[in-house]
């Protein structure tokens, strides 16, 4: 795979969790909330500079770099924590929330297990060919997701309320700063993708492609926050379970599209598929590197069985969504992002990078 394909898979995957979590955090910052991603952009770009490690040591992948910097024992332990435990936990919650969104929005009364099975089946077919095949599919999913985001933004322009967006008050700056760590979790998704750097043919380009993807996603996610805050307002966002869906459900494109809420669900489906594929591939590749398993398929099938068992574990959908948005994903993505930052810092100190 190429660096651009890997960052495309990461970018496509981050759309779903970002469009779920960001509106709630934005509501806490009142009319300033739609600026969260713009405020976090400089820090996200600064963090992405750590990927220059692949330019300095292009012959090494992530696993080799980790064991070179931390030593074999500590390096493997940290990789298992950040590259296996974190994505597996996030995948378990992501599949449950994926199914709950369908039954709560488009198909009320339907069984969640139908949608769980659909997501697991899609993930299986995308990932069975290994990281390269999943990354190529990520490019297609990203363009489709960005197209849907652009369509929703354009169709909402006539319904935006300026009073919900302006003026930006200095009194909201504290809440905006408090929500900033959620915006920084964007880097955590790309940090997770860097676990696959051993399969990237042009590793020295990873830092530049990551910065480009972060800027692109900042623009599009800011646009969707403008839609949520501008259409609903901060107080309404706090009272709804799915702000993006609620904001666009009454929108239409005269003479062409009568319901745009279907596109919101399509957006989630595209992104959740990419995200599930990313989580699975990272966990499988990390396990194979740590335990020296040379054949990808030898680890993939047992991992699919474990994930299926996790996904069908009964859990209250609303509780799972709240836990994922406010605890699981921020913590897990902080772990993966923090691991990459720690790798860069310790590597520089020990002159291994």
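Data table
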item	result
Number of positions in the stretch 37-65 that are over 18 Å from residue 338 (Cβ atoms) and under 16 Å from the mean Cα position of the chain (by Cα)	2
Out of 280, 263, sole residue that is buried (at least 17 other Cβ atoms within 10 Å of the Cβ), under 28 Å from residue 198 (Cα atoms) and in contact (Cβ under 8 Å) with a residue 60 or more places away in the chain	280
Subset of the stretch 17-37 [more than 19 Å from residue 331 (Cα to Cα) and part of a helix (DSSP H, G or I)]	27, 28, 30, 31, 32, 33, 34, 35
Which listed residue, of 353, 299, is modelled with pLDDT under 80 and surrounded by 16 or more Cβ atoms within 10 Å (Cβ to Cβ)	353
In the stretch 109-128, the residues that are over 21 Å from residue 6 (Cα atoms), touching a residue at least 60 places away in the same chain (Cβ under 8 Å) and more than 20 Å from the chain's Cα centre (by Cα)	112, 113
Residue among 84, 69 that alone is within 22 Å of the chain's Cα centre (by Cα) and either part of a helix (DSSP H, G or I) or on the phi > 0 side of the Ramachandran plot (or both)	84
Of all residues in the stretch 49-74 being crowded, with 22+ Cβ neighbours inside 10 Å and modelled with pLDDT of 85 or more, the one that is nearest to residue 179 (Cα to Cα)	66
Residue within the stretch 181-191 that is in a loop (DSSP other than H, G, I, E, B) and surrounded by 14 or more Cβ atoms within 10 Å (Cβ to Cβ) present	no
Condition check for residue 293: buried (at least 18 other Cβ atoms within 10 Å of the Cβ), over 18 Å from the mean Cα position of the chain (by Cα) and over 30 Å from residue 220 (Cα atoms)	no
From the options 216, 266, 273, 286, residue that is under 19 Å from residue 86 (Cβ atoms) and in a helix (DSSP H, G or I)	286
Matching residues in the stretch 105-121 - criterion: being surrounded by 17 or more Cβ atoms within 10 Å (Cβ to Cβ) and at pLDDT 80 or above	112, 115, 116, 119, 120
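The values are calculated or read from the model by the stated rules, or taken from the named source; none is laboratory data. Model, not experiment: these values are computed from the prediction. Quick reminder, even Gly has a Cβ in these numbers, built from the backbone with ideal geometry, and neighbours come from all protein chains shown.
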